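Everything below concerns the one structure shown next.
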Amino acid sequence: MIVSLDMSQMRRILWVDEKNLTAHIEAGITGVDLDEELAAFGVCTGHEPDSNEFSSLGGWVATRASGMKKNLYGNIEDLLVHVRFVTPKGVMEKDCQVPRMSTGPDIHHIIMGSEGTLGVITEVTLKVRPLPPCQKYGSVVFPSFEPGVHFVREVAKQRCAPASIRLMDNEQFKFGHALKAPSSSIWSSLMDSIKKFYVTRMKGFDQDKLAFATLLFEGTKEEVAAQEKRVYAIASQFGGLASGEDNGQRGYLMTYAIAYIRDIGLDYFVIAESFETSIPWDRVIDMCRNVKERLARECQERGVQYAPLATCRVTQAYDAGACVYFYFAFSYRGLSNPVKVYEEIESAARDEVMANGGSLSHHHGIGKIRKKWLRQTVSDTGIGLLKSMKEYIDPQNIFGNNNLL
């Protein structure tokens, strides 16, 4: 017998503590609904994953999620204050809701990343922040991907990153530009032509090499202005040119459209998907190049008729490294088993990521697809520990979704 548990009706905000800036929420609520309902209290979590429209609060915790604005608000592990976890052995939770505890290994870090294998997350307390009075998009164009990476690294080093900073490679920039709606007026069209002339003719940027960064600043008007000044000054040190607020907003919001484009692609014999990793700064550029070359090579060897779309972006910046997100797509016309071909190509790309020093996953988690690499990632002893926890908490394998192990 298989039972599927639907958490979508457990979606209430149980309370908001305006003094301590925390909110206690049922775990089935989706990101979009959570944002809307917290806004009525004048607060937000700031957690904004690409999947915000569909993913739930409990899912964020169960997969150790990350959001586009993590630079300002943190990842889910930074936001989590308390969690109620129902297991076959009973309820697991801490006895108080405090900012930090030193009471042995943190049980929250057993729950986070458990991916539905140990129990059900029913209630979560998160940190919240007052809604920012000012929000402003921005963008920077660079002559190529390399100086763009060095720019993001320098921003991270100086710890002045805006709420979101995302660097697209040339392929992704051109893909996004192709999705841009035609100009609604002669004036807009003229201004676009002038900007293109300035960047490509006067500044000498090659359209087939340039990279593009989107920025999102949040805070008071004074904080945003000061941060803009500092970030754009760093960009200029690496040959970057400010490219406007509208371009920044369009690039930021394109993230939400990509999942829909992927589904539409199937109607045109195109398989498309994404995968991500985290990697030290000094390996970002080489890893991006090597993985894209590996994708192209694997497609060719498996009889894919046309060169694939292989593109990447740097999406989250840390002191010691970055998250890199890859998109790839290929035409499966003429392939007898396109799903098998996709799985083989994705697996080869993951091998390449890890051979270049990248992690198995930054925020997508393990699930079933990536678990064959988990032992390599966490060691034999780590696997033994995970199995021991599973055997104690869920000896009858009630939560038998077959993730992780």
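The values are calculated or read from the model by the stated rules, or taken from the named source; none is laboratory data. The model shown is predicted, which means the values in this text are computed figures rather than measured ones. Using ideal geometry, Cβ is built from the backbone for each residue, glycine included, and neighbour counts are taken over all protein chains shown. Remember, those area values only see protein heavy atoms, side chains included, never the ligands or the DNA or RNA. Shrake-Rupley method; radii C 1.70, N 1.55, O 1.52, S 1.80 Å.
Overview of values
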read-out: Selected from S359, S102, S278 as most flexible by GNM, with the chain as the system and alpha-carbon contacts under 10 Å; value: S102
read-out: Chain lengthening between K94 and K340 when straightened (0.36 nm per residue, less Cα-Cα); value: 84.1 nm
read-out: Distance between modelled label sites at I369 and K387, nm, 7 Å Cα→Cβ extension; value: 2.6 nm
read-out: Label point distance in nm, N401-E245, each placed 7 Å from Cα along Cα→Cβ; value: 4.1 nm
read-out: Cα-based reach from K127 at 25 Å (exclusive), listing lysines while leaving out same-chain residues under 8 positions away; value: K19, K69, K70, K94, K136, K221
read-out: Fraction of accessible area attributable to carbon and sulfur, the chain (%, probe 1.4 Å); value: 54 percent
read-out: 0 to 90° range, to nearest 10: angle between helix 221-237 axis and the chain longest Cα axis; value: 60 degrees
read-out: Diffusion coefficient, µm² s⁻¹, Stokes-Einstein with Kirkwood Rh over alpha-carbon pairs of segment 248-353 at 4 °C and 1.567 mPa s; value: 89 µm²/s
read-out: Positive-end residue, segment 214-287 charge dipole about Cα centroid, Cβ charges, pick of T220, G265, M254; value: T220
read-out: Sequence-distant residues sharing a close amide H with V43 (under 5 Å, placed H); value: L131
read-out: With Cα atoms, 0 to 90° folded angle of helix 284-301 axis to the chain main axis; value: 90 degrees
read-out: Relative contact order computed over segment 1-121 (Cα-Cα under 8 Å; 6+ residues apart), in percent; value: 19 percent
read-out: In Hz, Karplus ³J(HN,Hα) per residue of segment 311-321 (6.51, -1.76, 1.60; θ = phi - 60°; x = Gly, Pro); value: 9, 9, 8, 8, 10, 9, 10, 10, 4, 9, x
read-out: Paired Rg and Dmax values of the chain, which use every Cα atom, in angstrom; value: 22.3, 69
read-out: Interchain or long-range residues, amide H under 5 Å from V81's placed H; value: T125, L126, K127
read-out: For segment 128-133, 3J(HN,Hα) per residue [Karplus equation, 6.51 cos²θ - 1.76 cosθ + 1.60, θ = phi - 60°, Hz, x = Gly/Pro]; value: 10, 10, x, 4, x, x
read-out: Segment 330-405: translational diffusion in µm²/s, Stokes-Einstein, Kirkwood Rh over Cα pairs, 20 °C, 1.002 mPa s; value: 147 µm²/s
read-out: Nitroxide proxy distance, nm - points 7 Å out along Cα→Cβ at Y260 and R230; value: 3.7 nm
read-out: Solvent accessible area, Å² - T117, 1.4 Å probe, full protein context; value: 20 Å²
read-out: For segment 204-293: rounded, prolate or oblate by the Cα gyration tensor [a/c cutoff 1.5]; value: prolate
read-out: Rounded accessible area of S388 (nearest 10 Å², 1.4 Å probe); value: 60 Å²
read-out: Ranking by accessible area, most exposed first, for L385, L309 with a 1.4 Å probe; value: L385, L309
